[in-house]
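Peer 1: Below is the structure I would like to discuss, written out as structure tokens.
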Amino acid sequence: MQTRGRILLADDEADLRDLVARVLERHGYEVVRVADGQQAVNAWLERPRGFDVLILDQFMPVMDGEEAFRLCRNHSPEARVLLVSGCIDKGLSSRLEDDPHARFVPKPFHTADLVSAIEDLLQTA
């Protein structure tokens, strides 16, 4: 099967990270997994054009998802980013509202919602 896109997935919960990666792989995505925002930024900076979507958990040790989001965007303003969190942050949702290359999906999420958000991001130019 041809890959539908390459995703960089950052989440500090190893079991959840592995589950999400397996689900996305079954949907045809290639997934690179990292455990925190700093690792995500490092991987992104090594290959800024190597990923189609960056999925960041909002709250992680070392560096949170929002900071990783800002750093990646400083280097790649058109980077497509999906932030996920178990805490609903209305401020974050409203900040992302006007950004065509960013989405927020609350945890726990259904697979269909996650895949839909990714597909939506991939359709942005």
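The values are calculated or read from the model by the stated rules, or taken from the named source; none is laboratory data. Here the structure is a predicted model, which is why all the values come from computation and not from measurement. We place every Cβ from the backbone using ideal geometry, glycine too, and count neighbours over all the protein chains shown.
Peer 1: Scan region 102-120 for residues that are within 16 Å of Val31 (Cα to Cα) and in contact (Cβ under 8 Å) with a residue 12 or more places away in the chain and jot them down.
Peer 2: Thr111, Leu114, Val115, Ala117, Ile118 - these are the residues of region 102-120 that are within 16 Å of Val31 (Cα to Cα) and in contact (Cβ under 8 Å) with a residue 12 or more places away in the chain.
Peer 1: Among the residues of region 43-64, which ones are in a helix (DSSP H, G or I) and either loosely packed, with under 14 Cβ neighbours inside 10 Å or touching a Phe, Trp or Tyr at 6+ places or on another chain (Cβ under 7 Å) (or both)?
Peer 2: Keep residues of region 43-64 that are in a helix (DSSP H, G or I), which gives 43-46.
Across region 43-64, the qualifying residues are Trp44, Leu45, Glu46.
Peer 1: Quick one: Leu96 ticks every box in (1) crowded, with 17+ Cβ neighbours inside 10 Å; (2) at pLDDT 90 or above except a single one, so which number is it?
Peer 2: (2)
Peer 1: Among the residues of region 17-38, write down those that are surrounded by fewer than 19 Cβ atoms within 10 Å (Cβ to Cβ) and without any contact (Cβ under 8 Å) to a residue 60 or more places away in the chain.
Peer 2: We begin by selecting, within region 17-38, every residue surrounded by fewer than 19 Cβ atoms within 10 Å (Cβ to Cβ); these are 18-19, 22-23, 25-28, 30, 32-33, 35, 38.
Result: Asp18, Leu19, Arg22, Glu25, Arg26, Gly28, Glu30, Val32, Arg33, Ala35, Gln38.
Peer 1: Give me a count of the residues in region 67-79 that are more than 11 Å from Gln38 (Cα to Cα) and either modelled with pLDDT of 95 or more or assigned to a helix (DSSP H, G or I) (or both). Quick ask: steps written out before the conclusion?
Peer 2: Within region 67-79, the subset more than 11 Å from Gln38 (Cα to Cα) is 70, 73-79.
After this cut, where a residue has to be either modelled with pLDDT of 95 or more or assigned to a helix (DSSP H, G or I) (or both) as well, the list is 70, 73-75.
The total comes to 4.
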